[in-house]
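S.K.: The structure follows.
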(Lines give C-alpha, C1' and ligand atoms only; values in the text may rest on other atoms or scores of the structure.)
Protein backbone atom coordinates (compact mmCIF):
# COMPACT_ATOMS: atom_id res chain seq x y z
CA UNK A 1 0.00 0.00 0.00
CA UNK A 2 1.22 3.49 -0.78
CA UNK A 3 0.16 6.31 1.50
CA UNK A 4 1.31 9.67 2.78
CA UNK A 5 0.43 9.34 6.47
CA UNK A 6 2.22 7.07 8.92
CA UNK A 7 -0.57 7.04 11.49
CA UNK A 8 -3.32 6.06 9.10
CA UNK A 9 -2.14 4.68 5.76
CA UNK A 10 1.02 2.89 6.85
CA UNK A 11 -0.40 1.78 10.21
CA UNK A 12 -3.34 0.13 8.43
CA UNK A 13 -1.05 -1.58 5.93
CA UNK A 14 1.09 -3.00 8.71
CA UNK A 15 -1.98 -4.04 10.74
CA UNK A 16 -3.28 -6.18 7.89
CA UNK A 17 0.14 -7.61 7.06
CA UNK A 18 1.00 -5.88 3.80
CA UNK A 19 3.93 -3.68 2.84
CA UNK A 20 3.51 0.02 3.45
CA UNK A 21 5.34 2.54 1.30
CA UNK A 22 5.35 6.07 2.68
CA UNK A 23 5.06 8.82 0.07
CA UNK A 24 6.59 11.47 2.30
CA UNK A 25 4.70 14.55 1.11
CA UNK A 26 4.10 16.16 4.52
CA UNK A 27 7.12 15.71 4.93
CA UNK A 28 8.02 13.83 8.05
CA UNK A 29 11.48 14.69 9.35
CA UNK A 30 14.18 12.05 9.54
CA UNK A 31 13.89 12.16 13.34
CA UNK A 32 10.12 11.63 13.19
CA UNK A 33 10.56 8.63 10.91
CA UNK A 34 13.28 7.12 13.09
CA UNK A 35 11.39 7.55 16.37
CA UNK A 36 7.92 6.63 15.16
CA UNK A 37 6.65 3.27 16.40
CA UNK A 38 5.09 2.81 12.95
CA UNK A 39 7.69 1.79 10.38
CA UNK A 40 7.12 1.89 6.66
CA UNK A 41 8.83 -0.67 4.47
CA UNK A 42 10.10 2.07 2.23
CA UNK A 43 10.04 5.88 2.08
CA UNK A 44 9.77 7.73 -1.20
CA UNK A 45 9.45 11.47 -1.82
CA UNK A 46 8.01 11.48 -5.32
CA UNK A 47 5.38 9.28 -6.92
CA UNK A 48 7.84 8.69 -9.78
CA UNK A 49 10.00 6.77 -7.29
CA UNK A 50 7.45 3.95 -7.41
CA UNK A 51 9.01 2.89 -10.69
CA UNK A 52 12.08 1.73 -8.78
CA UNK A 53 9.98 -0.12 -6.22
CA UNK A 54 8.28 -2.32 -8.79
CA UNK A 55 11.22 -2.98 -11.12
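The values are calculated or read from the model by the stated rules, or taken from the named source; none is laboratory data. What you are looking at is a predicted structure, and each value in this text was computed from that prediction instead of being measured. Because the Cβ atoms are built from the backbone with ideal geometry, glycine has one as well, and the counts that use them run over all protein chains shown.
S.K.: Restricting to region 1-19, and then to whatever is part of a loop (DSSP other than H, G, I, E, B) and under 8 Å from the mean Cα position of the chain (by Cα), can you tell me which residue is nearest to residue 52 (Cα to Cα)?
M.R.: Restricting attention to region 1-19, the residues satisfying the condition of being part of a loop (DSSP other than H, G, I, E, B) are 1, 4-5, 16-19.
Still in the list and also under 8 Å from the mean Cα position of the chain (by Cα): 4-5.
Numbers: 4: 18, 5: 21 Å.
Here the residue is 4.
S.K.: Taking the residues in region 25-37 that are out of contact with any strand residue (DSSP E or B) (no Cβ under 9 Å at 6 or more places or on another chain) and in a loop (DSSP other than H, G, I, E, B) as candidates, determine which candidate is surrounded by the fewest Cβ atoms within 10 Å (Cβ to Cβ).
M.R.: So the residue we want is 37.
S.K.: Right, next: Can you report the number of residues in region 22-39 which are more than 11 Å from the chain's Cα centre (by Cα), more than 9 Å from residue 6 (Cα to Cα) and modelled with pLDDT of 95 or more?
M.R.: Looking only at that region, the number is 7.
S.K.: From the list 50, 22, which residue is surrounded by fewer than 17 Cβ atoms within 10 Å (Cβ to Cβ), in contact with a strand residue (DSSP E or B) (Cβ under 9 Å, 6 or more places away or on another chain) and not in a loop (DSSP other than H, G, I, E, B)?
M.R.: Values: 22 fails: surrounded by fewer than 17 Cβ atoms within 10 Å (Cβ to Cβ).
Exactly one residue qualifies, and that residue is 50.
S.K.: Is it the case that residue 10 is surrounded by 11 or more Cβ atoms within 10 Å (Cβ to Cβ) and out of contact with any helix residue (DSSP H, G or I) (no Cβ under 7 Å at 6 or more places or on another chain)? Before you say what the answer is, go through the steps one by one.
M.R.: On the way: surrounded by 11 or more Cβ atoms within 10 Å (Cβ to Cβ): yes; out of contact with any helix residue (DSSP H, G or I) (no Cβ under 7 Å at 6 or more places or on another chain): yes.
Yes; evaluated as a whole, the condition is true for this residue.
S.K.: Residues that are in a helix (DSSP H, G or I), at pLDDT 95 or above, out of contact with any helix residue (DSSP H, G or I) (no Cβ under 7 Å at 6 or more places or on another chain) and exposed (fewer than 13 other Cβ atoms within 10 Å of the Cβ): does region 40-47 have at least one? Before you say what the answer is, go through the steps one by one.
M.R.: Going through region 40-47, the residues in a helix (DSSP H, G or I) turn out to be 47.
This time we only want the ones that are at pLDDT 95 or above, so: none.
So far as region 40-47 goes, no, none of its residues is in a helix (DSSP H, G or I), at pLDDT 95 or above, out of contact with any helix residue (DSSP H, G or I) (no Cβ under 7 Å at 6 or more places or on another chain) and exposed (fewer than 13 other Cβ atoms within 10 Å of the Cβ).
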